[in-house]
Amino acid sequence: MWPLIRSLVPVLIALGSVYLFFYVQAGLSDHDYDRMQMIVRSQFALKTAAQVGGLLIAFSALLVLFERATQGGTPSDLLAPGMCVLGGVLMFEPHWAIAVTFGLLAIARVVERLFAGRRADSSSAPAPAARAVDGSGNPA
């Protein structure tokens, strides 16, 4: 199993248990198991589980962001944790301003990579060979 998938399994189990907790908790108050009420309970549980997951993502990314900022990270090093913070906050509370900021940061990251790729291509081009000249300026 890949290391990334192996590390995501406990997170998915935890979020599934949060979903089940809120699904059961919403059903305890009323014993009428009408189909529409079960759909509403399920939507409430799913939204709450997504909000808890968003808060966990935002908080852990915020800790990484603070750690990199205190170590004197470059702006490009701070961009990825910043996007994770915004993504987690967007999962917690969807708002157009957060989505626009997230999109602008994503566009900035793409533009930065495009220009970095062009700089790397121009710097890796071989330098023209220097010709040997004698003291009079004529090629040797």
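One table, with the values for the structure above:
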item: Filter result for the condition that a residue is in contact with a Lys or Arg (Cβ under 6 Å, 6 or more places away or on another chain), within 28 Å of A14 (Cβ to Cβ) and hydrophobic (A, V, I, L, M, F, W, C), over L46, L79, L86; result: L79
item: Of all residues making up region 87-118, the number that are of a type in the set (D, E) and surrounded by 13 or more Cβ atoms within 10 Å (Cβ to Cβ); result: 1
item: Check on A140, modelled with pLDDT under 85, of a type outside the set (D, E, K, R) and within 30 Å of L15 (Cα to Cα); result: no
item: Residues of region 70-86 classified as surrounded by fewer than 18 Cβ atoms within 10 Å (Cβ to Cβ) and either among the small types (G, A, S) or part of a loop (DSSP other than H, G, I, E, B) (or both), total; result: 6
item: Meets criteria (within 27 Å of V18 (Cα to Cα) and surrounded by 11 or more Cβ atoms within 10 Å (Cβ to Cβ)) for S60; result: yes
item: Q51 being loosely packed, with under 13 Cβ neighbours inside 10 Å and modelled with pLDDT of 80 or more; result: no
item: Qualifying residue in region 63-71 (condition: closer than 26 Å to G16 by Cα, at pLDDT 85 or above and over 11 Å from the mean Cα position of the chain (by Cα)); result: yes
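The values are calculated or read from the model by the stated rules, or taken from the named source; none is laboratory data. Everything numeric here is computed off the predicted structure, so don't read it as measured data. Quick reminder, even Gly has a Cβ in these numbers, built from the backbone with ideal geometry, and neighbours come from all protein chains shown.
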